[in-house]
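Q: I'd like to ask you about the structure that follows.
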Amino acid sequence: MTTTEKLIQMVIAIALFIGVMAAILLLTQRLKSRRGERIQAVAFVGPALFLVAVGLLYPAVKTAYQSFFGANGENFVGIENYIDIFTNSGLLVVLRNTMLWVLLVPTLSTFIGLVYAVLVDRSRFEKLAKALVFLPMAISLVGASIIWKFVYEYKGTENTQIGLLNGVLKALGFDTYNFLFYSPWNTLFLIVILIWIQAGFAMTILSASIKAIPDDIVEAASLDGVSGLKMFFFITVPSIRPSLIVVLTTISIGTLKVFDIVQTSTGGRFDTSVLAYEYYFQYFVSLNQGLAAALAVVIFALVSPIIIYNVRQMRKLEAR
Amino acid sequence: MTTTPTPEPAMVKETPGPTTGKKSASRAAREGLTSKTASGVSLVIALLWTLPTFGLLVSSFRPEREAKGNGWWNAFTDPNFTLDNYREVLGGEGDASLVTFLVNSIVITIPGVLIPITLATLAAYAFAWMKFKGRDVLFVAMFALQIVPIQVTLIPLLSLYTSPPFNLRPLAGRDAPAGGLYELWLSHAIFAMPLAIFLLHNFMREIPGELIESARVDGAGHVEIFTKIMLPLMAPAIAAFGIFQFLWVWNDLLVALVFSGPDVAPLTVKLVNLVGQRGEDWHLLSAGAFVSLVIPLAVFLGLQRYFVRGLLAGSVKG
Amino acid sequence: MRSRNIRHATIAAMAATGLVLAGCASDTSTSETNTAEGTSPGEGVEGCEDLTQFGDLSGTEVNVYTSIIEPESDAHKASYEKFTECTGAEVAYEGSNQFETQLIVRVRGGNAPDIAYVPQPGLLGTLVDTGSVVPAPEPTAENVDEFWGEDWKNYGSVDDTFYAAPLGANVKSFVWYSPKMFEKEGYEVPETWDEMLELSDEIAQKGDMKPWCAGIESGEGTGWVLTDWLEDALLRDVGPETYDQWVNHEIPFDDPQVVESLDRVGGILKNSDYVNGGHGDVNSIATTTFQDGGLPIIDGNCALHRQASFYAAQWPEGTDVSENGDVFAFYLPVTNEDNGRPVLGGGEFTVAFDDRPEVQAFQTYLSSDVWANEKAEATPGGGWVSANTGLDIELLGSPIDRLSAETFQDPEAVFRFDGSDLMPSAVGAGSFWKEMTSWITGDDSEDALQNIEESWPN
């Protein structure tokens, strides 16, 4: 295909899509009866529901079903795959690491993003300052893997250093350190990479919601003599609480799914693997379908506390 | 939640307060620390966040042998820069040219952002302000589906594209329409949906209910409310999410590898292949990474004013 | 899954008889041969004599999916020009360095390419299990019988059906060194394993560099370098027959002989006097990328690096890779004279997922000596070699390629395929990699091998 053909295809697709959307809105706009509103609701929610049902729900159900079968998906093995996960010591380490990721990444990146958003808010260099922290989000993971190679790369103390951290250690007269090797610290160093990426996301959304805090509330508080850290904890944080929950939730779920950082930096060796990577490795590399599917189901299960918490928050909000 | 201030209805004019001494929450918070500490801390964070990328930037201008042989900071004591890496990355003619892949990325990304955002905004509105049976259950289900890792869906989805039920036209394979672009757009729309609906729904819930109610009382239908009230109020939030979706689609590798034919492969696919057969050319990646960074960064800087106006600011201040 | 609509009405499922060359009664079954009718566009064209048998394929296209990417892929594309010229069929090429995982996805998703170049015979078995691989046509099998040894044909067969013809190959039993440095210091290329250890001691005692360097980090494949080491040592210690038994799991993975060979490897790689030149301590082997593993040789920080012929691509531009140059390789010495000169290697195989005439024609073309020599000519810079005995060694572009090809064609050499590529994926692309990584970082040989033995699927 030539460039022009591709661009034409794109325009056709967009036009087609806009046409369909406009038709839906126009056709349903006159409907006001009870029944009409039901049709409206279907028109609004239907396309999204359909896509998700076909593209996510169906594969998820299929995966759950596969988790009761053997490596090539043929022999029924009952819950053997699950027993494997919870008894195999290697996989227990994977579970431990996953917990570390899910606890540390959302909290730390949200915390850093929040503090940074507050500190640079309405300062002279706000735009630049935000762009700098946002930058990692804009770099593809392929680029990020090289970036962090230049940070963590290890050479013995007597050799020329390529990694930044070991360069610093050597310059200060310490022995160099094999950052990605010694468990469990290596997992923490990998976690740093994701925090580096996600802090920009947290910062962006939280910064916007800080700006939305009505000025009169702040004024009232400062007239009462509230200032500084108290203002931060008693006014800022409660005011943006819904956004904080959204950010924490989004990053937690994103963290559970990340596999490429582990894949490119250690390949899951030295006790650094996480569930999502182990799924990928078992399914696509070791071709062990059943076990992989069971790992995916464990990921689904791990997220349920997050969902339950969010549902309860939504209920509270409705009751407000 | 009692401490959460209910935002003033937007219709109510802001009471003109004393302009002197007016300060934002964050500024007040910042004053608690001395402003020196505050700028010190923010400077340290900014530095830590930029330094690794800066190292890559420097490396991308170093000759192969040096980039592989010693640390990038040596470039300052022993300056030796070259454009060779960029020349090699940008070189190549015809189908191998980076421009072809750039075009592909753009063609994939624009519908890959527009389609899911439109659908998600509609759905989010319905979940937030329409009343229908099963609404909450459906919303929670939608939200929960965020967790399905993309890898899990690849093979079932590809099977559906290659051999769809009811004799529909296959979207993948040798005779795929538009070289497989449709399956890419569709896949990106699917994968974006749960998070987009979740985020947009949360922003929409922040819009005061009175606003919707009063419009309903005035006899406006949902379509009218959606197009006349909701869309203008949500514009910043939609734009902001649009930027994130843009970044995710632009930087996506996994979906592209599975669903794009060689004709329409995006920049990321070209980028991973830059490292060479056995990963020997990773010095070229440093240059390639910056080339692919240009457009997302331009989009971010260009649309940053939406972030400044804020995701919610629009909704509260009308 | 072979329901793809075949667009050519002219397909005649000809019996293979007309095309069979005399004398090669193949013991493995093959696919029915589909040939296009019509006069080949190559009829009467110079250089097309061997390709007119495919008939007129004008207007057809074969798509090929491989792990070979730019710039190496350019020579591949160039080598297909003759095929297109002589038969009229176009070849659409797609290379990806994510090939191995993506091929599985595409095949299981029903979107298989026409032909894929698969580097692991073990993976071939998995693909055949999905039911979408078609057996090779008779003419392909004949070419393989003619130009390759029987062992190569077996690697491309599953359960007595021949599917995949060999394509390129590489020699793994090489030790890279610096001929210039060797000459300056008066070192000699060792002929036996013991001589190699004596040389290592000599270099270690001298003290300007560690004798050995290695790196096994390779993303999800981390550890594969060590599986090659073990296989090379085992092949030398126990001979090809026992090696085959081990690969096929007819003897336990942790047989005492295997433990011994692994300890032999440990005598070098776990010896802190020997490693890890230019990188650090023994543990640094685990975190150094295999690409960087041997680079200290050019900086004079390391003397020896065992790695396959394809490591030639890793040397920075401007490095003289030749017999008296900056770097070159010698054959990894033997440990036991009784076992001949075993060569460990690897290679790709052409797997077809469709039996349209143009696909079969292309598969046959790739298995011929015509293609091998075309490919050699298209790769003047070197970096490619094949075990095809019809290959003219003189056409190869670089000294290391010629050394590899000589090694393949050496009548005394006994070739064996990289064992981990033949084992079930759960081992060959799973526990074997993982446990070898644990082994280099401290696990003892018995434990590591026993863990792999336990992971072997029933």
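Only the coordinates and a few stated rules stand behind these numbers; no lab work does. Model, not experiment: these values are computed from the prediction. No Cβ is skipped: glycine too gets one built from the backbone with ideal geometry, and neighbour counts run over all protein chains shown.
Q: Based on other C-beta atoms within 10 Å, arrange C:Glu217, C:Glu188 from fewest to most. Before the final figure, lay out each step's value.
A: Details: C:Glu217 25, C:Glu188 9.
Going from sparsest to densest Cβ surroundings: C:Glu188, C:Glu217.
Q: Let me ask something additional. Could you pull out every residue, at least 5 positions away or on a different chain, whose amide H is within less than 5 Å of the one on C:Gly347? Hs are placed 1.01 Å off N in the peptide plane, and Pro or chain starts have none.
A: The list, which skips near neighbours in sequence, is C:Asn170.
Q: Which FRET efficiency, nearest 0.05, do C:Glu412 and A:Thr87 yield, Cβ-Cβ r, R0 35 Å?
A: On the way: r = 50 Å, r/R0 = 1.43.
Efficiency at R0 = 35 Å is approximately 0.10.
Q: Taking amide H atoms as placed 1.01 Å from N in the peptide plane, list the residues 5 or more away in sequence, or in a different chain, whose amide H sits under 5 Å from that of C:Phe415.
A: Distant-sequence amide H within range of C:Phe415: C:Val343.
Q: Here is a follow-up. How far apart, in nanometres, would the label points at A:Glu158 and A:Phe234 be if each is projected 7 angstrom from Cα along the Cα-to-Cβ direction?
A: Using points 7 Å along Cα→Cβ, the separation is 6.3 nm.
Q: Same structure again: Using θ = phi - 60° and the Karplus relation 6.51 cos²θ - 1.76 cosθ + 1.60, list the HN-Hα couplings for the range C:212-221 in order, rounded to whole Hz, with x at every Gly or Pro.
A: 10, 9, 7, x, 10, 6, 7, x, 5, x
Q: What translational D, rounded to a whole number of µm²/s, comes out for the range B:28-82 from Stokes-Einstein when the hydrodynamic radius is the Kirkwood one over Cα pairs, at 4 °C and 1.567 mPa s?
A: Working: Rh = 13.3 Å.
Roughly 97 µm²/s, to the nearest whole number.
Q: Could you pull out every one of the aspartates and glutamates with an alpha carbon less than 16 Å from that of A:Lys211, ignoring same-chain neighbours closer than 8 positions?
A: A:Asp121, A:Glu126, A:Glu219, B:Glu8, B:Glu14, B:Glu206
Q: Using r as the Cβ-Cβ distance of A:Ile217 and C:Glu202, and R0 as 56 Å, what FRET efficiency do you calculate, to the nearest 0.05? Don't skip to the end; give the middle numbers.
A: Numbers: r = 79 Å, r/R0 = 1.42.
Calculated transfer efficiency: 0.10.
Q: Can you list the residues, at least 5 places off or on another chain, whose amide H is less than 5 Å from the amide H of C:Glu61, using H built in the peptide plane?
A: Hits under the 5 Å cutoff: C:Glu90.
Q: Test of understanding: what is the full-extension gain from C:Thr192 to C:Asp392, defined as 0.36 nm times their sequence separation minus their Cα-Cα distance? Don't skip to the answer; put the middle values down first.
A: Working: separation 200, 0.36 × 200 = 72.00 nm, distance 3.00 nm.
Using 0.36 nm per residue and subtracting the Cα-Cα distance, I get 69.0 nm.
Q: Next up: Taking every pair of Cα atoms in chain A, average 1/r, invert it to obtain the Kirkwood radius, and report Rg/Rh to two decimals.
A: Numbers: Rg = 24.7 Å, Rh = 23.8 Å.
When Rh is taken as the Kirkwood radius, the ratio is 1.04.
Q: Additional query: Just the projected area, averaged over all directions, of the convex hull on the alpha carbon atoms of the range C:43-154: how many nm²? Intermediate values should be presented prior to the final figure.
A: On the way: hull surface 32.5 nm².
Taking a quarter of the hull surface, the average projection is 8.1 nm².
Q: Longer than 25 Å from Cα to Cα, which of A:Lys127/B:Lys36; A:Lys170/B:Lys36; B:Lys68/C:Lys210; A:Lys149/C:Lys172; A:Lys62/C:Lys434; A:Lys149/A:Lys170 are they? Say none if no pair is. Write out the running numbers ahead of the final one.
A: Values: A:Lys127/B:Lys36 19 Å; A:Lys170/B:Lys36 31 Å; B:Lys68/C:Lys210 20 Å; A:Lys149/C:Lys172 28 Å; A:Lys62/C:Lys434 29 Å; A:Lys149/A:Lys170 17 Å.
Among A:Lys127/B:Lys36; A:Lys170/B:Lys36; B:Lys68/C:Lys210; A:Lys149/C:Lys172; A:Lys62/C:Lys434; A:Lys149/A:Lys170, the Cα-Cα distance tops 25 Å for A:Lys170/B:Lys36; A:Lys149/C:Lys172; A:Lys62/C:Lys434.
Q: While we're looking at this one, here's another question. If Rh is defined by the Kirkwood formula over all Cα pairs and Rg also comes from Cα, what ratio Rg/Rh do you get for chain C? Numbers along the way, then the final one.
A: Numbers: Rg = 22.8 Å, Rh = 23.0 Å.
Rounded to two decimals, Rg over Rh is 0.99.
Q: Would you mind putting B:151-161, C:63-73 in packing order, based on average other-beta-carbon counts within 10 Å, highest first? Each step should come with its number before you reach the end.
A: Details: B:151-161: 23.7, C:63-73: 20.6.
In descending order of packing, they fall as B:151-161, C:63-73.
Q: Can you pull the mean other chain C-beta count within 10 Å for peptide C:222-232? Write out the running numbers ahead of the final one.
A: Details: counts 5, 2, 0, 0, 0, 0, 0, 0, 0, 0, 0.
Mean shielding by partner chains, rounded to a whole number: 1.
Q: If I fit a long axis through the Cα atoms of helix C:138-147 and take the longest principal axis of the Cα atoms of chain C, what angle between them do I get, 0 to 90°, rounded to 10?
A: 40 degrees
Q: Taking the simple approach of a point 7 Å from Cα along Cα-to-Cβ for both C:Asp151 and A:Leu7, what is their distance in nm?
A: Inter-label distance under the simple model: 5.7 nm.
Q: Something else now. Relative contact order of chain C, please, whole-number percent, based on alpha carbon pairs below 8 angstrom and at least 6 residues apart.
A: Working: 900 pairs, mean separation 102.3, N = 458.
Relative contact order here is 22 percent.
Q: Same structure, new question: Tell me which of B:Val291, A:Phe44, A:Val298 sits at the most positive position along the dipole axis of the protein assembly as shown, charges placed on C-beta atoms (Lys, Arg +1; Asp, Glu -1).
A: Result: A:Phe44, furthest along the dipole toward the positive end.
Q: Which value in nm describes the separation of the simple spin-label points at B:Lys228 and B:Arg169, placed 7 Å from the Cα toward the beta carbon?
A: So the label points at B:Lys228 and B:Arg169 sit 3.9 nm apart.
Q: What does the average come to when, for each residue of peptide B:243-250, you count the partner chain Cβ atoms lying within 10 Å of its Cβ?
A: Working: counts 4, 6, 0, 1, 7, 1, 0, 2.
What the average comes to for B:243-250 is 3.
Q: Any lysines with Cα under 25 Å of the C:Lys82 Cα? List them, leaving off those in the same chain fewer than 8 positions away.
A: C:Lys375
Q: Let me ask something else. Give a residue-ordered list of calculated ³J(HN,Hα) values for the range B:203-220 (Karplus: 6.51 cos²θ - 1.76 cosθ + 1.60, θ = phi - 60°; whole Hz; x for Gly, Pro).
A: Rounded to whole hertz, the list is 5, 5, 5, 6, 6, x, x, 4, 4, 5, 4, 5, 5, 4, 4, 6, x, 7.
Q: If you take every DSSP beta bridge fully contained in chain C, what fraction is antiparallel? Give it as a percent rounded to 5.
A: Counting only bridges with both partners in chain C, antiparallel ones make up about 50 percent.
Q: Please give the peptides C:276-289, C:125-138 ranked by average Cβ packing (other Cβ atoms within 10 Å per residue), highest first, as a rough proxy for protection.
A: Numbers: C:276-289: 23.7, C:125-138: 20.5.
Put in order of decreasing packing, that is C:276-289, C:125-138.
Q: Determine ³J(HN,Hα), in whole Hz, for all residues of the range A:251-256 in sequence, where each value follows from phi through the Karplus function 6.51 cos²θ - 1.76 cosθ + 1.60 and θ = phi - 60°; x replaces Gly and Pro.
A: Karplus values, whole Hz, x for Gly and Pro: 5, 4, 5, x, 4, 4.
Q: May I have the extent of the alpha carbons of the range A:172-320 along their three principal axes, as whole Å values ordered from largest to smallest?
A: Taking max minus min along each principal axis of the Cα atoms, the range A:172-320 gives 63, 53, 20 Å.
Q: Based solely on its DSSP helices, what 222 nm [θ] is calculated for the protein assembly as shown when runs of n ≥ 4 H residues each add -39,500 (n - 2.57) and the sum is averaged over all residues, nearest 500 deg cm²/dmol? Could you put the intermediate results ahead of the total?
A: Details: 47 runs with 603 residues, N = 1096.
For the protein assembly as shown, the value works out to -17500 deg cm²/dmol.
Q: Please find the FRET efficiency linking B:Arg135 to A:Leu100, where r is the Cβ-Cβ separation and R0 is fixed at 41 Å, and quote it to the nearest 0.05.
A: Numbers: r = 37 Å, r/R0 = 0.90.
With a Förster radius of 41 Å, E is 0.65.
Q: Using only atoms on other chains, find how many Cβ atoms lie within 10 Å of each Cβ of peptide C:292-300 and report the average. Provide the component values of the computation, followed by the final result.
A: Working: counts 7, 0, 0, 4, 3, 0, 2, 4, 0.
Across the residues of C:292-300, the mean count of other-chain Cβ atoms within 10 Å is 2.
Q: Further question: Mind putting together the pair-distance distribution for the range C:112-152? All Cα pairs, 10 Å bins, whole percent per bin, short to long.
A: With 10 Å bins starting at 0, P(r) equals 23, 52, 25.
Q: Same structure again: Would you please put A:198-210, C:418-430 in order of how densely packed they are, using the mean number of other Cβ atoms within 10 angstrom per residue and starting with the highest?
A: Details: A:198-210: 26.2, C:418-430: 23.2.
The densest-packed peptide leads the list: A:198-210, C:418-430.
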